[in-house]
1. May I ask you to list the residues of region 87-124 whose amide nitrogen lies under 11 Å from a point 7 Å from Cα along the Cα→beta-carbon direction of Leu300?
2. Estimate the FRET efficiency between Trp185 and Tyr129 by the formula 1/(1 + (r/R0)^6), using the beta-carbon distance for r and 35 Å for R0, to the nearest 0.05.
3. Which whole-Hz couplings ³J(HN,Hα) result when phi for each residue of region 162-173 is put into the Karplus expression 6.51 cos²θ - 1.76 cosθ + 1.60, θ = phi - 60°, listed in order with x for Gly and Pro?
4. Each label point is 7 Å from the Cα along the Cα-to-Cβ direction; what then is the distance between the points at Leu346 and Arg140, in nm?
5. Of all the Cα-Cα pairs you can form in region 80-376, what percent are over 37 Å apart?
6. Relative contact order for region 80-376: what is it in percent, counting Cα pairs under 8 Å that are at least 6 residues apart?
7. Let's see if you can work this out: charge +1 on each Lys and Arg Cβ, -1 on each Asp and Glu Cβ, no other charges. What is the dipole magnitude of region 144-295 about its Cα centre, in debye to the nearest 20?
8. Per-residue counts of other Cβ atoms within 10 Å, averaged by peptide: what ranking do you get for 336-345, 95-104, highest first?
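The values are calculated or read from the model by the stated rules, or taken from the named source; none is laboratory data. Predicted model, so just to flag it, every value in this text is computed and none were measured. Counting neighbours? That spans all protein chains shown, and the Cβs are built from the backbone with ideal geometry, glycine included. All accessible areas refer to the heavy atoms of the entire protein, side chains included, with ligands and DNA or RNA removed. Shrake-Rupley method; radii C 1.70, N 1.55, O 1.52, S 1.80 Å.
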Amino acid sequence: MVVCKGGEGDAAPAAGGKEPEVPPCREDGAGAVQPCLCPAPGVEAAGAEERRACGCCSGMSWPCCCEAPGTKKKAACPGLGLFYTILSAFLFSVASLFLKKIEDVHSVEVSAFRCVFQMAFVLPGLIYYKTGFLGPKGKRIFLFFRGFLGSTAMVLLYYAYQVMPLADATVITFTSPVFTSLLAWIFLKEKYSLWDLLFTLFAITGVILIARPPFLFGSRVTGIEGSYTNHLKGTIAAITSTLSAASTIIILRKVGKSVHYFLSIWYYAVIGLIGCVIALFVLNEWRLPHCGRDRVFLILIGLLGLGGQVFLTKALQIEKAGPVSIMKTMDVVFAFILQVLFLNHLPTWWTVGGALCVVASSSGTAIRKWRHSVKKAKQREI
């Protein structure tokens, strides 16, 4: 048995046969410093600099062992990540409800306010982490398209919320994981199996049941909020928003971890704000809300959207992506509840059937990806 030296790979015996002093390798929750003792066969020569993997660790370098004798692991609160996911879904749903309640404010202007709140949140993080404002030269083109597609998805989604039922628009956005798998197969050469094809067909079926095109359901379509023309426009906007959001995920996978998360959001907010301001002047839609209630709603939309993003990020940091993706289907539940309670609009059986198809599709995709990642992790351990 040798004594681990903090942060170095050598474990040379002290002169005179005495063991050297043990520097700390890890501190437990109570503040007491515990030495890290790990078997290191073959590391006997003084000055050996090779770092070795400890058998009791998963992905950590010896000598800082996660299961060293005497160390205490900080107990994680079980289910905290799933609670953050539910809270994030609730905040996003309430923000969507406020968006439905706003009168005479264009969706592009609402998106501009959202971008301002994101910039105010991200700017201190960029300064603290010293990431710069442009990013690595080879990644700027990807960051630009990430910002452009992400902001486009936000504007189109807000437009869909305004012109069609809240639950319908929310359900359509849940086809994003299915389209992400399809785009990853096309652009990243990832595997696309028969299961993925089946989930894609389920998602398309759900969207058709929600949109109810006249050539399939006849000219007399019932249960539509407002005119069918607006409903169709909202459906197209929601589908395009979903495709744009899926494309941003593909771009983020392409970029990988070479770009800080804050920098990615910064591009999203800056490019979105510039695009929204240009669009508002072209459409001549730039104006402040006439009443104070709508101004309060705009502020709350920005705060709730930011809070939802923060809690979703924290959930993904402490919980696996599979359970988080499945729990995010609570967005649909909250959307139906808020629509019935505050908008007095009962969903039709077509909408409920479409929602079940889409939720089954997105959940199946998430479970399959989760099992695949767990299987790969076990193979790496072996």
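1. Under cut-off, by backbone N: 94-102.
2. 0.55
3. Per-residue couplings from phi come out as 7, 10, 9, x, 4, 5, 4, 5, 5, 4, 4, 5 Hz.
4. With each label point 7 Å from Cα toward Cβ, the separation is 5.8 nm.
5. Value for region 80-376 (Cα pairs over 37 Å): 12 percent.
6. Normalised by residue count, the contact order of region 80-376 is 43 percent.
7. 240 debye
8. 95-104, 336-345
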